[in-house]
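One structure below.
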Amino acid sequence: MIMKKISQAIILLLMSASFSCVKEEISEEVRVEAIPEKISTEIPKPITSDIFPLTVSNGLLETASGQPFLIIGDSPWYLIQGPDREGAEKYLENRKQKGVNSIVLCLIASESNGSEDAYGNKPFIQPGDFTTPNPSYFSHVDFVLNMAMGKGIQVFLYPAWLGYDTGNGHPEGWYTQVTENGPAKMYQYGKYIGNRYKKYKNIIWVMGGDSPPKDALDEIREMVRGIEETAGDQIFSVQNDRFSSGITEYANEDWVDLNTTYADHLTTAQHLRADDDRDFPFYYTEGSFENSAASAIHIRSQMYLPVLMGSNGYFYGNLHLYGFKNGWDDPGIMESQGSKDLQRSAQFFLSRSWDSLIPDRDHTLLTGGNGDVNTGNYAAAALTKDGSTAIVYTPDNRKLTMNLTRISGTKTHAWWFEPSSGKYIDLKLFSDSPTQPFTPPSAGDWVLILEGAGK
């Protein structure tokens, strides 16, 4: 994945990421490599939570208590393979304090990314053989998933990330090994991880990963079947390569519950619109990473546009963090502008009826200053179902013409919100007007909030 992220960043710069119950002959008494002294291979009892499991209902993710769940996500892809347990706890607590409620993880990482965990354990006893899981490795996985559960964090888990196709294969992913193992072995692997994690209620399984399934579709189907047979009802999502909607390569698969939007900072609005057109629940899985060619405004746009354009939330990523290389916990990385903007975006949306927002697709609310949905300068607007609240995100200082007659009440209370600082500016009350202009007070990206007032 490192090669993929760096190569994509360069491109952007030039333009401006319990077998005993599964298969009788395979038992938990397989050889174990380098079990650390303090690491148990027993499966711990998962922490319980009133948030999980999530369900998909009427196009929305909902908690176990029936409350809407907005994905506020970070992308620590190699949290399982990178830091030790102390480091994993440090990362998760930091993100919990920033309002992160979801993360993406590779259950297993490919050889080119260093497939072993911090204790030297590889995922398989026989390299690349999915029917020889290493209990010591998976015990560390248990720890990370359990810790995430205890902090109220949903895990979007890739059981076998296929990997970016460089044109010369998938050197950073498992595509080649998955196809070499074949459907039968991938079914056994699915049964193993399904059984092992059936009590971990904070998992959404993501199939694929940076690649369409191509010749691995049968193996993916069998992996899904194995998980379902041992774990019961699960939520499954799918991801293809960048600029491709997840569902397009899995159109006839009835096990898919969530679609994904995978774009970059220049095409986010375009691909969100396309996925909203598909009328299938979706979320923004990945865009451009902080510390790549994208600016701070670009990174923030990937937080605000998804919610205003119909998705179930969004994932942020930091190019200097996701691989957990030396220095990953430096304050300059952990407390980056993007991570603070992520925290502010969480506070902003979770304090409002985000789940009731309807995208202003026909521009009857924001009638001027929309920009082009097919470029990186689109201003997105949405209105709650009852007409009480409208929200507009603009990536720059521009005049926005609003039709205030769409807002309930005879008057409208307006505010500016600066997503880079969290500052609010009260604009007071406005009388109904179909052509009320609003211009941000200074340069940068801004959010306009309009609320109905008066009878």
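Summary of computed values
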{"quantity": "Test: residue in segment 276-298 that is modelled with pLDDT of 95 or more, among the basic types (Lys, Arg) and out of contact with any strand residue (DSSP E or B) (no Cβ under 6 Å at 6 or more places or on another chain)", "calculated": "no"}
{"quantity": "Among the candidates Asp84, Asp50, Asp74, residue that is among the acidic types (Asp, Glu), modelled with pLDDT of 95 or more and more than 20 Å from Ser339 (Cβ to Cβ)", "calculated": "Asp84"}
{"quantity": "Filter result for Glu219 (more than 11 Å from Pro159 (Cα to Cα) and either of a type in the set (Ser, Thr, Tyr) or surrounded by fewer than 20 Cβ atoms within 10 Å (Cβ to Cβ) (or both))", "calculated": "no"}
{"quantity": "Test: residue in segment 408-415 that is touching a helix residue (DSSP H, G or I) at 6+ places or on another chain (Cβ under 8 Å) and more than 26 Å from Ser102 (Cα to Cα)", "calculated": "yes"}
{"quantity": "So Gly169, is it among the small types (Gly, Ala, Ser) and within 26 Å of Val100 (Cα to Cα)", "calculated": "no"}
{"quantity": "Scope segment 140-171; condition more than 20 Å from the chain's Cα centre (by Cα) and either outside any loop (DSSP other than H, G, I, E, B) or not small (Gly, Ala, Ser) (or both); matching residues", "calculated": "His140, Asp142, Phe143, Asp165, Thr166, Asn168, His170, Pro171"}
{"quantity": "Residues being in a loop (DSSP other than H, G, I, E, B) and in contact with a Phe, Trp or Tyr (Cβ under 7 Å, 6 or more places away or on another chain) - total across segment 119-139", "calculated": "7"}
{"quantity": "Residue within segment 127-141 that is touching a Pro at 6+ places or on another chain (Cβ under 8 Å), modelled with pLDDT of 95 or more and closer than 22 Å to Tyr314 by Cα present", "calculated": "no"}
{"quantity": "In segment 199-245, residue nearest to Ala263 (Cα to Cα) [restricted to those that are touching a Pro at 6+ places or on another chain (Cβ under 8 Å) and charged (D, E, K, R)]", "calculated": "Asp241"}
{"quantity": "Extreme residue, farthest from Asp276 (Cα to Cα), among residues of segment 350-408 that are under 25 Å from the mean Cα position of the chain (by Cα) and of a type in the set (Ser, Thr, Tyr)", "calculated": "Ser351"}
{"quantity": "Residues (within 20 Å of Tyr284 (Cβ to Cβ) and either among the basic types (Lys, Arg) or touching an Asp or Glu at 6+ places or on another chain (Cβ under 8 Å) (or both)) located in segment 78-103", "calculated": "Arg95, Lys98, Val100, Ser102, Ile103"}
{"quantity": "Strands (runs of 3 or more DSSP E) wholly inside segment 363-435 containing at least 1 residues that are aromatic (Phe, Trp, Tyr) and crowded, with 17+ Cβ neighbours inside 10 Å", "calculated": "389-394, 411-418, 423-431"}
{"quantity": "From the options Gly82, Gly66, residue that is crowded, with 17+ Cβ neighbours inside 10 Å and part of a loop (DSSP other than H, G, I, E, B)", "calculated": "Gly82"}
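The values are calculated or read from the model by the stated rules, or taken from the named source; none is laboratory data. The shown structure was predicted, so the numbers you read here are calculated from the model rather than taken from an experiment. Virtual Cβ from ideal backbone geometry, glycine too; neighbours counted across all protein chains shown.
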